[in-house]
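The values are calculated or read from the model by the stated rules, or taken from the named source; none is laboratory data. In this text, all values refer to a predicted model and were calculated from it rather than measured experimentally. Cβ placement follows ideal geometry from the backbone for every residue including glycine, while neighbour counts extend to all protein chains displayed. Ligands, DNA and RNA are excluded from the accessible area calculation, which covers all protein heavy atoms including side chains. Shrake-Rupley method; radii C 1.70, N 1.55, O 1.52, S 1.80 Å.
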Amino acid sequence: QVQLVESGGGLVQAGGSLRLSCAASGRIYRINSMAWYRQAPGKQRALVATITGGGNTNYADSVKGRFTISRDNAKNTVYLQMNNLKPEDTAAYYCYAIVRMTEDGYEYQYWGQGTQVTVSS
């Protein structure tokens, strides 16, 4: 099995910054795409940013220019640097990864438990 553990959430004022981390552990041969999603109260979970194994990135329009996703393949860790935070960024943020556990095995999807980000106005 594989576990994803997020950290770095918290309370910040509008205009501030936070950096989220998500470390994967367990039986890992290779991690392909990794991503961050968020879910605000009463809303569906939405994609924030993705990064492929080769480092290609994609962002939701609402965070372009403010958030940066990156990864450290040696540490099986993905990061989300969030700058110029706005109250509408308040949500639980979830890490997501597509993991292959053996060289010739299937790929499986995993989610972290979530970390809360609250932005005050």
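Overview of results
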{"item": "Positions within the stretch 44-77 being of a type in the set (D, E, K, R) and without any contact (Cβ under 8 Å) to a residue 24 or more places away in the chain, in sequence order", "result": "Asp61, Lys64, Arg66, Asp72"}
{"item": "Selection from the stretch 1-41 of residues that are without any contact (Cβ under 8 Å) to a residue 60 or more places away in the chain, touching a Gly at 6+ places or on another chain (Cβ under 8 Å) and outside any strand (DSSP E or B)", "result": "Gln1"}
{"item": "Test result for Arg66, of a type in the set (Lys, Arg), under 12 Å from the mean Cα position of the chain (by Cα) and open to solvent by 20 Å² or more (accessible area, probe 1.4 Å)", "result": "no"}
{"item": "Any hit, the stretch 109-121, residues being farther than 30 Å from Tyr29 by Cβ, outside any strand (DSSP E or B) and not basic (Lys, Arg)", "result": "yes"}
